[in-house]
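A short write-up of the structure that comes next.
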Amino acid sequence: MESFNIVIDIQNSTFSLTVQPEEAGTYKIIYHGALVGAITMGRSEGLWEALPVDELDPGIFPMYEHDAEKDEVRIVLDAETVKSIGAKIASYPN
């Protein structure tokens, strides 16, 4: 599967993220060319989980760092954001 873009809302701000499918149902989440993290379908059906940062292989992407001077909202893969991203991935046409 090719990379694709999704749009989500975080704290009343809209973000366009790139989703890069990896092996075993894992998806890297990229914002402006930087790796925010990765999510995967959890053991419980329908429950998405963020992978721990120390398990990530960023590959060609630098790690995302919040720039308080340019970005009002920091993108964090908390439970609500992961659920929102997972729903967009699940509804994306294959």
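Condition check: surrounded by 10 or more Cβ atoms within 10 Å (Cβ to Cβ) and over 13 Å from VAL82 (Cα atoms). Does VAL36 satisfy that? Answer is no for this residue.
Within segment 74-86, count every residue that is over 13 Å from VAL36 (Cβ atoms) and in contact with a Phe, Trp or Tyr (Cβ under 8 Å, 6 or more places away or on another chain). Selection size over segment 74-86: 2. For ILE75, the conditions (1) touching a residue at least 40 places away in the same chain (Cβ under 8 Å); (2) in contact with a His (Cβ under 6 Å, 6 or more places away or on another chain) all hold with the exception of (2).
Listed here are the residues, each with its yes/no results for (1) more than 15 Å from the chain's Cα centre (by Cα); (2) without any contact (Cβ under 8 Å) to a residue 12 or more places away in the chain; (3) part of a helix (DSSP H, G or I).
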| position | (1), (2), (3) |
| --- | --- |
| GLY37 | no, no, no |
| GLU49 | no, no, no |
| PHE61 | no, no, no |
| ASP71 | yes, yes, no |
| GLU80 | no, yes, yes |
| ILE89 | no, no, yes |
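Every number here is computed from the coordinates shown, using simple stated rules; none is lab data. It should be emphasised that the depicted structure is a prediction, and the values quoted were computed from it without experimental measurement. Note that each Cβ is placed from the backbone with ideal geometry, even for glycine, and that neighbours are counted across all protein chains shown.
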